[in-house]
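Report on the structure given below.
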Amino acid sequence: MNYQCAINFILSFFLLLTFSCNSENEYFPYEEEKKVFYNVSFQDKESRKKIFRQSYYFLPKIKNNFPVLKNDGEIIFYEKSEKGIEKKKTNDFFSSEYKSTQSSSFLDKDLIIAFPISKETKWETNDKTTLQMKVGYDRLFDTNLPFKLKNKIVNINDTINLNGRKIKNCIKIVGYGKTSYDPGPPLGNINIEISSSAWFAKNVGLVKYKREEKSDSETMGKIIYEKTMLIND
């Protein structure tokens, strides 16, 4: 199943970091050698569900960069700017030379969350679809269509239930994007909509994320990706 692309995207909202003690950054706690775990579920267009776990390990700070190691070996760098928290992705996997990483080596940069953290703050991020097109009985094609995801903070004191536990004073961020694809006759133009919701708690970070991609064609259907943090009592 094509859930790996969704995993990589979702890391755009994973593990935002604290760089100072002001209230904006309380939602993004950073602690060297800290490990964070998430339960993840992925439902494909056939309504089949796959459940797995993700882990993230906080590496030592490198100048103004904060690296996080995923359990699949990928290293993601985060950095605070005046505009907000930026994610920077590289080619380095388990590289012993990651400490020498410079800005010029980053393949992709994207603003994860914009400052100030207040209701109605808006920004856009570059994204790609992860839906697959099914042709015939067994041929699958990745879409990977680029689009702009429009993000907005809609609540700064939301409460969610997580594994029977109430998490209060969360900020809630919603995202929405759309694109289309014309594979030619007999299908014609296919419209795709993408929506997401993310909750961040003070001194905890990302606690829940949900993303849905749906099309108006049976060849693509709909997928749902959801992840929740494992929080110790």
Considering only the stretch 179-215, state which residues are of a type in the set (Lys, Arg) and either within 19 Å of PHE141 (Cα to Cα) or free of Cβ contacts under 8 Å to residues at least 12 places away in the same chain (or both). LYS214
Selected residue [at pLDDT 80 or above and surrounded by 18 or more Cβ atoms within 10 Å (Cβ to Cβ)] from TYR78, TYR57, TYR27: TYR78
Residue list for the stretch 150-168, restricted to those being under 29 Å from ASN126 (Cβ atoms) and of a type in the set (S, T, N, Q): ASN151, ASN155
Test GLU218 against the criterion of being on the phi < 0 side of the Ramachandran plot, free of Cβ contacts under 8 Å to residues at least 12 places away in the same chain and of a type outside the set (A, V, I, L, M, F, W, C), and give yes or no. yes
Test LYS83 against the stated conditions and say whether it is modelled with pLDDT of 80 or more, closer than 18 Å to ILE171 by Cα, of a type in the set (D, E, K, R) and surrounded by fewer than 17 Cβ atoms within 10 Å (Cβ to Cβ). yes
Quickly run through the stretch 126-149 and pick out the residues that are surrounded by 20 or more Cβ atoms within 10 Å (Cβ to Cβ), under 14 Å from GLY177 (Cα atoms) and touching a Leu at 6+ places or on another chain (Cβ under 8 Å). ASP127, THR129
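The values are calculated or read from the model by the stated rules, or taken from the named source; none is laboratory data. These figures come from a predicted structure and were not determined experimentally. So basically every Cβ, Gly included, is an ideal-geometry build from the backbone, and we count neighbours across all protein chains shown.
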